[in-house]
Amino acid sequence: MSNTIAGLVGGVLGALLSALAMFLGPLAHQRQIARQERERGDRESARSQLQRVARVRTAMREWQDFLNDVLADIEAGRSVEVERFVSESKALRKEARTASDDLLGGGLWLGSLQFGAFDLVTRRLPDLLGGAFPDEAMPDLVHRWRENLHSSRAELNEKLLAYVDRLQDTPVDVIDSGPVRPPRV
């Protein structure tokens, strides 16, 4: 009889274990699928935020390039149309601010002071073009503005790269053979 009871208990335990496996197996599979979907969503979110960061960097580079081109024209004695400058600089500023505001969708906020040098040069250049500064102050002013633009953008790039490092959980390799600061003229 003990063999019969042992067989019965073994059969019942086997049936219970099979039922438990049939219940837990799909549950574990569903958890694995849910985890994979979360990871995929996190990767998509990170990829989207990286695109936003790239958009900010592009907008800031275009704004800086435009301002540097205008400053080079001033240094070379070429005329710059104030209305055209104001129109183009407003469009570039708007794109940079819109791109930076879009970063908030991924959890990063760029404060208004981040655009300090860019806003200053954009606001003051029409005064320079209109003759509000003495001619002898122009070379120093233009040089200082160029340095401030470069420093401001370099600082923003450093902060964005640190953010990208955290976003990807891995450091970003930087290939940059250029000078840290623009050469003095």
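Quick notes on this structure:
- Helix 138-168 axis versus longest C-alpha principal axis of the chain: approximately 0°, rounded to the nearest ten.
- Over the chain, DSSP H runs of length four or greater, each weighted -39,500 (n - 2.57), average out per residue to a 222 nm ellipticity of -27500 deg cm²/dmol.
- Relative protection proxy for 106-115, 54-63, from highest mean packing down: 54-63, 106-115 (other beta-carbon atoms within 10 angstrom).
- Selection among Leu141, Ala99, Ile33 by position relative to the dipole of the chain gives Ile33 as farthest towards the positive end (Cβ unit charges, Cα centre).
- Degrees separating the helix 82-102 axis from the principal Cα axis of the chain, which is the longest one: 20
- Of interest is the spacing of the C-alpha centroids, which for the stretch 51-81 and the stretch 136-161 amounts to 11 Å.
- Put the Cα centre of the stretch 84-106 next to the Cα centre of the stretch 1-21 and the gap is 72 Å.
- Build a GNM of the chain with springs between Cα atoms under 10 Å apart, and of Glu44, Glu88, Glu136 the one that fluctuates most is Glu136.
- Pair-distance profile P(r), taking every C-alpha pair of the chain, with 10 angstrom steps and integer %: 8, 25, 21, 13, 8, 6, 6, 5, 4, 2, 1, 0
- Across the alpha-carbon set of the stretch 75-166, the Rg to Rh ratio works out to 1.05, Rh being the Kirkwood radius.
Values in this text are rule-based calculations from the coordinates and carry no lab data. Not measured: the values here are computed from a predicted model. Neighbour counts are summed over all protein chains in view; Cβ atoms, including those assigned to glycine, are modelled from backbone coordinates with ideal geometry.
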